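What follows is a single structure, written as structure tokens, with notes after it.
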Amino acid sequence: MNILFNPKTIALIGATNRTGSVGLGLAKNLLSTSAHRKIFLVNPNHKTLFSQKVYPSILSIDSPIDLSVIAIPAKFVLQAVKESIKKKVRGMIIISAGFAESGALGVKRQRELANLVNKAKIPLVGPNCLGIIDTHSKLNASFSPTMPQTGNISLISQSGALIDSILDIGRHRFGFRRVISLGNEASNDLSDFLEFLGNDLKTKVILLYLEGVKNGTKLMKTVKKITKKKPILVLKAGRTKAGKKAVKSHTALLAGDDIVFQTACRQSGIILTETLEELMNLAKTLSWQPRIKRGSLGIITNGGGLGVLASDYCRKFKIKLAQLSPTVLQKLIKSNKINPAFSQHNPLDLIGDALAEQYELAINFWMKQKDLSGLVIILSPQIMTQAQKTAKIIVQAKKRFVQKPIITVFSGKTNVQSAIKILEENQIPNFIDPYWAILGMKYLLDF
């Protein structure tokens, strides 16, 4: 499947300059990365587009083609597929809708399509999909308006629109490795692409948005091998009666029984998320932070209330809180730089007047404690708080203690915005609510 994600030559069948069209979006995205490969435009109704020659057919191109991207009305797709096979393309993406999701005629078309590509042994994405993206090879063979920054998260989705939302949300937060819009899975299915990403060394975390599963046995067998190496996070739609009806009209898949799906996730090591926010927050944490084999968690705060909330969440998720060792306590007391009223237990409450220097002492002393596996650092923006300076201290601590995850809760917006930017630019995940920090630690421990 590597040829799908790093082709040297691409033919776009259905290129156009028509405003608001899928063909225009695809052409712009493909041509924007033309420094990395040769793009050929195909449309029998044009001689030139974007100051470039346009070919009437893929067969009229005098160069070998690695990948054909097809975005034309469904009734013309099978002919384009036959011509692509005759051209001996090595991979195919069919953007066009009008297949199994659209009724009996579409089902017939999709069956014939599958027979053609399977016989030719050509990997296929789609039909009825958004396309694919690979940030490392600089490929955007999709009509998504967003080209994400490079990262180690890969996303597979049965909804193209949800991909657009996720990429837009993550644009300034974290990067992606590969993005795959499955569409109707006429030939290559979810399991095939999962196996491919499971063997991809640049993918650290896999995100899935699912509405239905075609071959549950094959999927679970594939997933069990992958989750031994890297986490898979799933957001599953169609878990209610109303949702199942919506799924059938959207992708022609059967949503399946929710209890069965939950059980399968538990047995195979999949992390099943409940909301898009949970999917994105856990993705950020698992992408940026090291796993924890065992041990206990520390919490540092300058606000008692936020520390109490964090403690409650630790109890909820069955996370053990570390005890401050007598050695660490003595070092903090003898420093004469910590407010004498500080709490001598976990959460370690430095009191509301804590400056960056007090955070630095607490972090450095406590992180050296052997039974401490990770640290949640909470900061509430008070009038004396040094948010930016504290953020820089946390970044330096992360560089010294690389094997121990640090998640921050700089809880606020305007007064901590610049500090949060410093943290997240250095891949330290920050959350407004301690719930997400503690839940992230749970999965770092569980995995």
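Summary table
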| item | result |
| --- | --- |
| Within the stretch 81-108, tally of residues that are under 22 Å from N43 (Cα atoms), in a helix (DSSP H, G or I) and open to solvent by 10 Å² or more (accessible area, probe 1.4 Å) | 4 |
| Test: residue in the stretch 437-447 that is out of contact with any helix residue (DSSP H, G or I) (no Cβ under 9 Å at 6 or more places or on another chain), in a helix (DSSP H, G or I) and closer than 24 Å to I319 by Cβ | yes |
| Total residues in the stretch 173-227, condition touching a residue at least 60 places away in the same chain (Cβ under 8 Å) and surrounded by fewer than 20 Cβ atoms within 10 Å (Cβ to Cβ) | 4 |
| Residue check for I153: within 14 Å of the chain's Cα centre (by Cα), free of Cβ contacts under 8 Å to residues at least 60 places away in the same chain and in a strand (DSSP E or B) | no |
| Residue match in the stretch 400-411 (condition: part of a helix (DSSP H, G or I), modelled with pLDDT of 95 or more, at negative phi and not aliphatic (A, V, I, L, M)) | yes |
| Flag if L297 is open to solvent by less than 40 Å² (accessible area, probe 1.4 Å), farther than 23 Å from F196 by Cβ, modelled with pLDDT of 85 or more and not small (G, A, S) | yes |
| Counted residues, the stretch 44-77 - those being within 20 Å of N128 (Cα to Cα), more than 28 Å from the chain's Cα centre (by Cα) and part of a loop (DSSP other than H, G, I, E, B) | 2 |
| Search result, residues across the stretch 352-367 that are at pLDDT 95 or above, open to solvent by 10 Å² or more (accessible area, probe 1.4 Å) and either assigned to a loop (DSSP other than H, G, I, E, B) or hydroxyl-bearing (S, T, Y) (or both) | L355 |
| Conditions (1) in a helix (DSSP H, G or I); (2) open to solvent by less than 30 Å² (accessible area, probe 1.4 Å); (3) farther than 17 Å from I94 by Cβ; (4) not charged (D, E, K, R); number of the one not met by I163 | (3) |
| Residue selected from the stretch 46-80 under the condition touching a residue at least 12 places away in the same chain (Cβ under 8 Å), out of contact with any helix residue (DSSP H, G or I) (no Cβ under 9 Å at 6 or more places or on another chain) and not small (G, A, S), by the criterion farthest from L105 (Cα to Cα) | K53 |
| Residue check, I10 in contact (Cβ under 8 Å) with a residue 40 or more places away in the chain, in a strand (DSSP E or B), in contact with a Lys or Arg (Cβ under 8 Å, 6 or more places away or on another chain) and at negative phi | yes |
| I292 vs. criteria under 23 Å from D433 (Cα atoms) and at pLDDT 95 or above | no |
| Residue check for L279: over 21 Å from I363 (Cα atoms) and not polar (S, T, N, Q) | yes |
| The listed residue being open to solvent by less than 50 Å² (accessible area, probe 1.4 Å), farther than 21 Å from E360 by Cβ and in contact with a helix residue (DSSP H, G or I) (Cβ under 6 Å, 6 or more places away or on another chain), out of S268, S287, S311 | S268 |
| D66 vs. criteria of a type outside the set (V, I, T), open to solvent by 10 Å² or more (accessible area, probe 1.4 Å), in contact with a strand residue (DSSP E or B) (Cβ under 6 Å, 6 or more places away or on another chain) and within 22 Å of A15 (Cα to Cα) | yes |
| Those residues of the stretch 320-349 which are at pLDDT below 95, in contact with a helix residue (DSSP H, G or I) (Cβ under 6 Å, 6 or more places away or on another chain), surrounded by 14 or more Cβ atoms within 10 Å (Cβ to Cβ) and assigned to a loop (DSSP other than H, G, I, E, B), in sequence order | I338 |
| Selection from the stretch 117-126 of residues that are buried (at least 19 other Cβ atoms within 10 Å of the Cβ) and either among the charged types (D, E, K, R) or assigned to a helix (DSSP H, G or I) (or both) | V117 |
| Residue tally, condition in a loop (DSSP other than H, G, I, E, B) and within 12 Å of K8 (Cβ to Cβ), over the stretch 34-43 | 1 |
| Some residue of the stretch 357-365 being over 26 Å from L282 (Cα atoms) and of a type in the set (F, W, Y) | yes |
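The values are calculated or read from the model by the stated rules, or taken from the named source; none is laboratory data. The model shown is predicted, which means the values in this text are computed figures rather than measured ones. Ideal geometry is used to build each Cβ from the backbone, glycine not excepted, and the neighbour counts take in all protein chains shown. Areas reflect the complete protein model, heavy atoms only, side chains present, ligands, DNA and RNA absent. Shrake-Rupley method; radii C 1.70, N 1.55, O 1.52, S 1.80 Å.
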